[in-house]
Amino acid sequence: MVDLKEIYDHLFALEYAQGFNSYDIYDGSCLTIPGFRRMKPVRMASTYLNKFSPINLRTVLGISKRKYPHAVACMVDAFYHESASVVPEKFIREQVEWLISRSLFKTYGHHCWNGLGISIDMKGGGVNPEVPGLIGTSAVVRALCACYQQTTDPRIPKILRSVREDLTSNYFQTYSGVSFFRYKPVTLPWMFTINASAKGAALICHINLVLGEDQGLDQVQAAVSSILETQEKDGKWKYTLDLKHGRHKEQIDFHQAYIIKALLDIHSTGLLEIPLEKAIMRGITFQNEIQLLPTGALYYRYPGKYPCNIHNQLYAFYINMAGAFLDAAYEKKAALIFDWTLEHLYDPGLGFIYGSYPGVKIRIPYSRWGNAHALYLFSLLINDKLERKRVASIQKDTQYA
């Protein structure tokens, strides 16, 4: 397999050259053509057109690159796990200040974030940049945790405790005997979005680990129990469960890997007594046997194949590598996935591009969807590899002492 660190440093150089500004797959709603901006159907059409078009139409539509909190958080988190000489730490500290300034504390009374910071018009609803969510909050808080571990910034523990209190007080929900963390504070109390709940549970564990505390673990244990109970026999999870009406939504894509990664994160903290290994392995097996094609590409959203999507590829690669302590065979799957990804979705001048159709590529490097997440995941794997070598060295020294 190629050297992750070499790619890592190159991606950081590319993103730093852009000042961490980027287009986003959902920024089509931000078109600025006079008249069109005020028409919701046009904004919605632009959202989907720009998401799936192999031609970048944003310049024509007046859509500009910008910084997205989720993307910036991933890169800050990565830097504090594995620094890159091409990026000055002063610049990273500036991004930390920017992330803290984007907190919606004044509105909600607790620190929380919207990971996009833009309005998005989509079918079935959209995104309000003034409403926080677990996905964006998790990304920013993990970046602040990484910053605190390296800099001991005295402001950060208070922010982390504020987030933890918010999750346990305002996001934790029990409905019809099922306990979970709601996706957003406005999410209906019977809507269980499984991947978001998993991220919330993992975030509380991570905050506790960083601060050396054990608050909110009863809620985490209840939420994790619900996640395990809703895993299906074949290893997959639904995307959402409507606990009031029974209208559940199945969406088999990278969100499966989100759940597995959250369980891996919780497992690594050692803060829960619930055994997670079987659920993790069943989830990885489902991904590798159903979502993964023999070539190393993943279905876009099973059973739909296209466009092959960089986010799917990165997270499938990561959970196989991170889960290899459970089954060494996962590393072979990881190599298959990564080899395909480098051949089809990597451009040395751009980094990771969004996706591909048969014979046509979407050659747009959305930071939040590709390079930023690649940096975050690679930084974890590089550190994990170094930690394994360190532990092996200690064990060898002990053996022959």
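The values are calculated or read from the model by the stated rules, or taken from the named source; none is laboratory data. Keep in mind it's a predicted model, so treat the numbers as computed, not measured. Cβ: placed from backbone, ideal geometry, glycine included. Neighbour counts: every protein chain shown. All accessible areas refer to the heavy atoms of the entire protein, side chains included, with ligands and DNA or RNA removed. Shrake-Rupley method; radii C 1.70, N 1.55, O 1.52, S 1.80 Å.
The table for this structure:
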| quantity | calculated |
| --- | --- |
| Per-region count, region 310-346, residues open to solvent by 60 Å² or more (accessible area, probe 1.4 Å) and closer than 27 Å to ASP24 by Cβ | 1 |
| Selection from region 365-376 of residues that are open to solvent by less than 10 Å² (accessible area, probe 1.4 Å) and in a loop (DSSP other than H, G, I, E, B) | TYR366, SER367, GLY370 |
| Hits in region 272-306 - residues which are within 19 Å of the chain's Cα centre (by Cα) and among the β-branched types (Val, Ile, Thr) | ILE280, ILE284 |
| Matching residues, region 150-197, being basic (Lys, Arg), open to solvent by 50 Å² or more (accessible area, probe 1.4 Å) and touching a residue at least 12 places away in the same chain (Cβ under 8 Å) | ARG155, ARG161 |
| Total residues in region 4-39, condition open to solvent by less than 50 Å² (accessible area, probe 1.4 Å), closer than 14 Å to SER119 by Cα and either more than 21 Å from the chain's Cα centre (by Cα) or free of Cβ contacts under 8 Å to residues at least 60 places away in the same chain (or both) | 4 |
| Residues satisfying the stated conditions in region 70-113, i.e. within 18 Å of TRP369 (Cβ to Cβ) and either in contact with an Asp or Glu (Cβ under 7 Å, 6 or more places away or on another chain) or surrounded by fewer than 15 Cβ atoms within 10 Å (Cβ to Cβ) (or both) | MET75 |
| Region 5-31, subset hydrophobic (A, V, I, L, M, F, W, C) and in contact with a Lys or Arg (Cβ under 8 Å, 6 or more places away or on another chain), residue modelled with the lowest pLDDT | LEU31 |
| Helices (runs of 4 or more DSSP H) (entirely within region 235-329) containing at least 2 residues that are within 18 Å of TYR354 (Cα to Cα) and touching a helix residue (DSSP H, G or I) at 6+ places or on another chain (Cβ under 8 Å) | 254-269, 310-322 |
